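**Q** Okay, handing you the structure first.
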């Protein structure tokens, strides 16, 4: 694992991020934007499933929020990888970073379970939200907000 991390740290893009006074802050800002899009869309969607915003039909609100969350996730993952490449050995040794990765994995597994199940499809068809879907929405809120907090905690454990 160590040779791979060292190779990543020696990657020209990682070196450019370390040298530039502009590039790293721009990538960091894009990472924050991705997180904001992801958490904002997911929180809105999960709260709707949990009964908030009942006046807005889930079949109307759901699809654009899912697309926005996916775009935010893609941006956050891409920029997160770039930020990770700057100091991969330090990040891998950071407990908050490892917790963040575990929480992101848990969030993605929750999304996968939702997409494979029938509850989400029924909800988008206007058939209401059942207990399993509401549980998944509550879990989603907890996991993604916890991932956000773990991510902010990384700097305090260096």
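All of the numbers you see were taken from the coordinates with simple rules; none came from a lab. Because the structure is a prediction, the values reported are computed rather than measured.
**Q** Could you work out how much longer the chain between residue 153 and residue 89 gets when fully extended? Use 0.36 nm per residue separation minus the Cα distance between them, nm to one decimal.
**A** Full-extension gain reported as 21.3 nm.
**Q** Any chance you could give the angle, 0 to 90 degrees and rounded to 10, that helix 131-153 forms with the longest Cα principal axis of the chain?
**A** Once rounded, one gets 20 degrees.
**Q** Which angle between 0 and 90 degrees, to the nearest 10, do you get for helix 23-49 versus the longest principal axis of the chain when only C-alpha atoms count?
**A** Taking the Cα atoms of the chain, the angle to 23-49 is about 20 degrees.
**Q** Given Cα pairs under 8 Å that are at least 6 residues apart, what percent is the relative contact order of the chain?
**A** Relative contact order of the chain: 30 percent.
**Q** Rounded, prolate or oblate for the chain? Axes are the square roots of the Cα gyration tensor eigenvalues, ordered a ≥ b ≥ c, and the cut-off for rounded is a/c under 1.5.
**A** It comes out prolate by the Cα gyration axes.
**Q** Roughly what angle does helix 58-86 make with the longest principal axis of the chain, taking Cα atoms, 0 to 90 degrees, to the nearest 10?
**A** Orientation of helix 58-86: about 10 degrees from the principal axis.
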